[in-house]
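Everything below concerns the one structure shown next.
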Amino acid sequence: MTNTVGVLVMSYGTPENMESVGAYYTHIRRGRPPEPEQLKELTDRYEAIVGGVFPLRENTDNQVKALQETLNRDERGTEVEFRCYQGLKHAYPFIEDGVEQMAKDGIQTAIGIVLAPHFSTMSVGSYIKRAREKAEELGVHMSFIESYHLHPKLIQALSTRVSAKLDAFEEAGAKRGDVKVLFSAHSLPARIVEMGDPYPQQLLETSEVIASRVGITNWQFTWQSAGRTAEPWLGPDILDTLQELSREQVEDVLVAPIGFVSDHLEVLYDLDIEAKSIAKEIDMRLMRIDSLNSDPLYMETLSDVIISQWQQGSDE
């Protein structure tokens, strides 16, 4: 097994079916079951977007499969086989399950990566912590990729999507320069700023590079999907931003959720249903860019940084 390198592909996770939503929500709440009204609200959201089918799980499965295929292309010219394992934060197979399966398969060297391009100690950092602890316990030598938010192929994939939707606005009669582009990502507790966390800055860097590449000057960054806790979260929230833009008489808005790499609840509900509902109320035309999902350029982004990480380890 010395020529096989394990790749732990980590993501947030989602329920397998409607019956498992309660257990999933309980895990997110660190073992505290949700109140009935909280559970109903989450269940209703899943029902609203997909009628009981959970696209995030399917999308993640497809991403892991496509990544393994990309890593092992003949033209890569590497002398190892990369074998991908899935590790989810809040659902089975959990992060620890993925590491354990590696160990059972005899994997001794592994690389961990999160399906999120931007690093925060509260998000990507927490995944890495869990994976590292389990790997050390089982004797698997695992290194980690913290971020890849400026990888050229990622920028290319996102820029192409932004440009395509701006074309759609023009086809609908809008002037390209009048379309307000909102780059967005999942909010986190505001205290990360005091901690010097790189998350907000990395998101701005990605936004700026895309805007420059596409030739956009009419843009801003906004946050979305904040948790409902007592402490303040990063803002402004996109729903508030839309209201403010309406007061400024902005009629056309393109949302580019660059913090998300696949279609899931924060995209399919928070943007496609909730944000679009607000936009309709204020007579605003709102579109969003297509998600990356298993886009070949995104798979190549992940593959590039994984192989680079492995090569660095081989040289040490």
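Taking Leu39, Leu239, Leu203 in turn, the Gaussian network model of the chain (Cα-Cα springs below 10 Å) assigns the largest fluctuation to Leu39. Put a plus charge on the Cβ of each Lys and Arg, a minus charge on the Cβ of each Asp and Glu, and nothing anywhere else: the dipole of the chain about its Cα centre is then about 200 debye. Within the listed set Glu69, Glu133, Glu266, the Gaussian network model of the chain (springs between alpha-carbon atoms below 10 Å) gives the highest mean-square fluctuation for Glu133.
In the chain, what percentage of the DSSP-assigned beta bridges are antiparallel, given to the nearest 5?
On the way: 1 of 34 bridges.
Looking only at bridges with both residues in the chain, the antiparallel portion is about 5 percent.
In the chain, Cα pairs under 8 Å separated by at least six residues give a relative contact order of 21 percent.
Averaged per residue, what accessible surface does the chain expose to a 1.4 Å probe, in Å²?
47
Figure legend: label point modelled 7 angstrom from the Cα of Gln220 along Cα→Cβ; residues of the stretch 238-267 with amide N under 11 Å from it are 238, 240-250.
Applying 1/(1 + (r/R0)^6) with r as the Cβ-Cβ distance of Thr4 and Thr229 and R0 = 41 angstrom yields a FRET efficiency of 0.45. Going by Cα centres, the stretch 177-212 and the stretch 4-36 are how many Å apart? Cα centres, the stretch 177-212 to the stretch 4-36: 26 Å. Peptides 240-247, 31-38, 5-12 ranked from most to least packed by the mean count of surrounding Cβ atoms within 10 Å: 5-12, 240-247, 31-38. Candidate cross-link partners of Lys280 among the lysines, defined by an alpha-carbon separation under 23 Å and a same-chain spacing of 8 or more, comprise Lys165, Lys175, Lys180.
Convex hull volume of the Cα atoms of the chain, normalised per residue: 149 Å³. Sequence-ordered 3J(HN,Hα) estimates for the stretch 174-185 from the Karplus curve with 6.51, -1.76 and 1.60 and θ = phi - 60° stand at 8, 7, 3, x, 8, 6, 7, 9, 10, 7, 9, 7 Hz, glycine and proline given as x. Quote the relative contact order of the stretch 1-145 in percent (integer), defining contacts as alpha-carbon pairs under 8 Å separated by 6+ residues. This gives 36 percent for the stretch 1-145. Could you tell me the calculated FRET efficiency between Val193 and Glu41, based on Cβ-Cβ distance and R0 = 30 angstrom, to the nearest 0.05? Here the calculated transfer efficiency is 0.55. Taking a ≥ b ≥ c as the square roots of the Cα gyration tensor eigenvalues, the stretch 52-151 comes out rounded, since a/c falls below 1.5.
Full-extension gain between Asp167 and Leu150, please, as 0.36 nm times their residue separation minus the C-alpha to C-alpha distance. Before the final figure, lay out each step's value.
Details: separation 17, 0.36 × 17 = 6.12 nm, distance 2.41 nm.
Once the chain is fully extended between Asp167 and Leu150, it gains 3.7 nm.
Which percent of the accessible area of the stretch 105-153 is formed by carbon and sulfur heavy atoms (probe 1.4 angstrom)? Kindly include the intermediate steps, with their values, before the conclusion.
Values: 1050 of 2060 Å².
Whole-percent figure for carbon plus sulfur exposure: 51.
For the stretch 130-281, relative contact order (Cα pairs under 8 Å, six or more residues apart, normalised by length) works out to 29 percent.
Taking a straight Cα-Cα cut-off under 26 Å and skipping sequence neighbours fewer than 8 places away in the same chain, the lysines within cross-link reach of Lys89 are Lys40, Lys65, Lys104, Lys129, Lys134. Projecting the Cα atoms of Ala256, Ile282, Leu297 onto the charge dipole of the stretch 238-305, computed from C-beta unit charges around the Cα centre, puts Ile282 farthest toward the positive end.
The values are calculated or read from the model by the stated rules, or taken from the named source; none is laboratory data. The structure presented is a predicted model; accordingly, all values stated were derived computationally and were not measured. Here the Cβ is made from the backbone with ideal geometry for all residues, glycine too, and neighbour counts use every protein chain on show. Protein only, heavy atoms only, side chains kept; ligands, DNA and RNA dropped before computing areas. Shrake-Rupley method; radii C 1.70, N 1.55, O 1.52, S 1.80 Å.
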